[in-house]
1. Roughly speaking, what % of Cα-Cα pairs in the chain are separated by over 40 Å, rounded to a whole number?
2. Over the stretch 266-421, what is the percentage of antiparallel beta bridges among all DSSP beta bridges, to the nearest 5?
3. Loop only by DSSP, 13 or fewer other Cβ within 10 Å of the Cβ. Give me the chymotrypsin sites (Phe, Trp or Tyr not before Pro) in the stretch 176-243 that pass, ordered by residue number.
4. Scan the stretch 226-269 for trypsin sites (Lys or Arg not before Pro) in coil per DSSP, keeping those whose Cβ has at most 14 other Cβ atoms within 10 Å, and list them by number.
5. For the stretch 71-124, run through the GluC sites (Glu not before Pro) and keep only the ones in DSSP coil with at most 14 other Cβ atoms within 10 Å of their Cβ.
6. DSSP beta bridges in the chain, what fraction antiparallel, as a percent rounded to 5?
7. Along the charge dipole of the chain, Cβ charges K/R +1 and D/E -1, which of I150, L118, Y167 sits furthest on the positive end?
8. Over what distance in Å are the Cα centres of the stretch 331-389 and the stretch 234-279 separated?
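Just so it is clear, none of the values below were taken in a lab; they were calculated from the coordinates. Please read all numbers here as calculations on a predicted model, not as lab measurements. Backbone-built Cβ (ideal geometry, glycine too); neighbour counts: all protein chains shown.
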Amino acid sequence: MPDIVLTTLNAKYAHAAFGLRYLFANLAELKERCEIVEFDISHRPVDMLESLLAKNPKIIGLGVYIWNIDQATRLVSDLKRVAPQIRLVLGGPEVSYEADDLDITRLADHVISGEGDLAFRDLCRRLLSNPEVAAGGLESRLPLAEPKFIPAGLPQFAELAFPYDLYTDSDIAHRVIYVEASRGCPYECEFCLSSLDIPVRQAALEPFLAELDRLLSRGVRQFKFVDRTFNLNLKVSRAILEFFLERMWPDLFVHFEMIPDRLPEGLREIIRRFPPGSLQFEVGIQTFNPEVAALISRRQDAQQTEQNLRWLRAETGVHVHADLIVGLPGESLESFGRGFDRLVALGPQEIQVGMLKRLRGTPIARHDGEWGMAYAGYAPYEILRTRLVDFGTMQRLRRFARYWDLVANSGNFVESTPLIWGAESPFESFLAFSDWLYLASGRTNGIALKRLAEYVFDYLVNRAGRDLAPTAQAIWRDYQRGGKSDRPPFLRPFLDDQGTSPVPLTVSTGPKRQSRHVAVAGSPLEIASLESPNP
C-alpha cells in the first residue's frame, strides 16, 4: 500500500493531470511509496473516497482547481469525517491565493501555495519521519509542528526532474499529453494568474527535446504545450518547431499558446513549412479596445497582431484559435461587438468567447468599485454585470458565447455560419441568431447535431431570408463534413442524387474538430471571412 497518494479531479478523463506527474517525478526516494489516482468531475465524491481509502495512505495530496473545487470540497469533507488520521495536503491555483477563508482549506492539514514540485516532497519527508504520522493511527490527528500554509518558492528547471516517463501507454492512446518548455509570463494582464508568476524560467533545451523524442518514439502524436508565452524566446521556439518539422508524421498535431504580436521572419519561415492542420496557435487577443487594454495592464500592438493573423491565414496552414473576453472593465456591448467583428474579419478558424472570471489573487478586483463589477460567488466566479453591461445583457452574451462554440467553433457549420451575417456585422447578426435560438430551443446545451442543423436552416431561410436551395446545399455539405451520411428529413426535398456526393476535403493531420476547419480553397468560409466587415 502506498504511503502517499496524489489525486485530483480532472475536467475530463482525456485531461491527464500534468501537475500530479510533476509532483511524483520530484519525490526522489519517496517515489516508490507513492501512487497517482486520477478522477474526473463526473465521479461521485463517495466513490472517490472509497477508492482513496482502499489505498490506506498516510498522506493524500489533492490538486484543487477552478473546475473541481466544489466536488473536491465535498470529497475532503467526507474524508475528514471517515479518516481524520490521513494527512491531507492541498495544492493548486485555487488554493494558492486568498485561500484562508475557503471551506476546503479549513478542513485540510496543510496547504502549499505556488509551484509545489519540491515543497510537497520536503513536506512529505518531514511528515513521514514523524512517528505519529508514520504509524498511521488515530494519534496522527494530533497537531504537528508543520505550518498549515506553506508558500513554495519558484523552482528552477535545473532543480526539477521531468515527468514525461510517467505517461502510461493508456495515457498516450487516450489522453491529452501536456508538455512545457517554460514557466512564467513577463506580462501583467490583471485578469490572469500568470501575471503573478514572474520571472519566466526556461527548461534546458537539449534534455527537453530528448524527452519529446522519447514521447514520439512511444507513439505520442498530439502535444499540448502549456507555456503561456511559447514564442517569447525566439531561439528556443524556433528550435522546438524545427524539432517537430524534422520528425513530421502524418498525424502529428502540436498546440502552442503564442504572443500574438511577436512573429518575426525567423519564425515565419519555419511555420509556413508545416502541413495544414498540424499546428494550432492559441492567440490571446482579449480586447481590441485600447482604453480597456490599458485599464487591465495589457500590452499588445493591435496593428501588428492583425498583420500576424492575416499572414497566418493567408500563407500557412496553422489552425488559429483566438480568445476574446466578455465583461472586462470599461468594455461595453458595442465596444466588444466592434472587437469581435474586427477579429472575424481576420479569419481565425476559432474565436473562443470567454466570460471574465475573478480568479483568486488576480488584481482585476481593483476595478470592482469604479466599474461596478459583480461576479458569481462560486467557481468559476464568472462576471454577472458591470457598470456598462447589465445582468440581462451579460446573459445574452453568455448564450452568444455558448452558441458560437456550438455552431462556429465546432467546425460543423463552416459554410453555413457566414450566411448568418452575410454582409452585415457578424456580431450583431449572430447575437440576433443567438437570441432567436434560445427562444426556439429553450436550452444552451444538449442540442443534437441534426437538430442544431435544422435550427440553423430554419433561421437562415425564415428569418434571414436566404434562398432555400443554396442554403440547404451549404448545410448538407457541412453535415457531411462532420462525417455524417444520412440525409436529414428537413433537407431531403432540396437534395438530388448529386447532392448526396461526398464532400471533397483538404487532408488534415489534426483532431476531428480542427480538421473540419481545413476548408477547400475558395470555399464560402474563406470568401466570407475575407468579405466580413472590418470596422
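1. Details: 42019 of 142845 pairs.
Summing the P(r) of the chain above 40 Å gives 29 percent of all pairs.
2. Working: 3 of 15 bridges.
For the stretch 266-421, the DSSP antiparallel bridge percentage is about 20.
3. On the way: sites: Y178, Y187, F191, F208, F223, F225, F230, F243; in loops: Y187, F191, F230.
Listed in order of number, the matching sites amount to none.
4. R247
5. Working: sites: E94, E98, E115; in loops: E98, E115.
Those satisfying the criteria are E98.
6. Details: 5 of 51 bridges.
Here the antiparallel bridges make up roughly 10 percent for the chain.
7. Y167
8. Measuring centre to centre over Cα atoms gives 30 Å.
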